1. Nearest 0.05, what FRET efficiency do Ser29 and Leu79 give at R0 = 25 Å with Cβ-Cβ as r?
2. Please list the non-local residues whose amide H lies under 5 Å from the amide H of Val36, H modeled 1.01 Å from N, same-chain partners needing a gap of 5 or more.
3. If r is the Cβ-Cβ distance from Met70 to Leu113 and R0 is 25 Å, what FRET efficiency results, to the nearest 0.05?
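Values quoted throughout were computed directly from the atomic coordinates according to the rules given, and no laboratory measurement underlies them. Remember, it's a predicted structure, so these values are computed and weren't measured experimentally. Backbone-built Cβ (ideal geometry, glycine too); neighbour counts: all protein chains shown.
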Amino acid sequence: MSSASFWLVVGFTGQGLFTARFLVQWLASERKREVVVPRAFWWLSMLGGSALLSYAISRRDPVIILGQSMGLFVYARNLMLGMGHSREPEKRSVAGRPHVAIEPGRIPPPPPLEKAPRKVG
């Protein structure tokens, strides 16, 4: 395999991993019937982003190098934040509602709207 062919395989593999993260997120959300971002999303982002960064460096493409480098920091940080969570939902106060269970990677629903008192007159 030539060097050019090797880097094309690295690039396409990275793009495939990076694209697969959307499929993983979509399927996880459909399964729970709400928007969720599973840990696998961030791992696929890291793996795909690393492969794409390697490909960009081999091509000496500063635009892709900058974009993928910045993304890798975000993906790594989100994985680090996720490590502090157990698999069990955690009890926290969200938007003034006490003890709402929040699963790691789950976006909580907005608080209910309060109705203004009616003026009787």
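1. Efficiency at R0 = 25 Å is approximately 0.85.
2. Here the answer is Ser29, since their amide H atoms fall under 5 Å of that of Val36.
3. FRET efficiency, Met70 to Leu113: 0.10.
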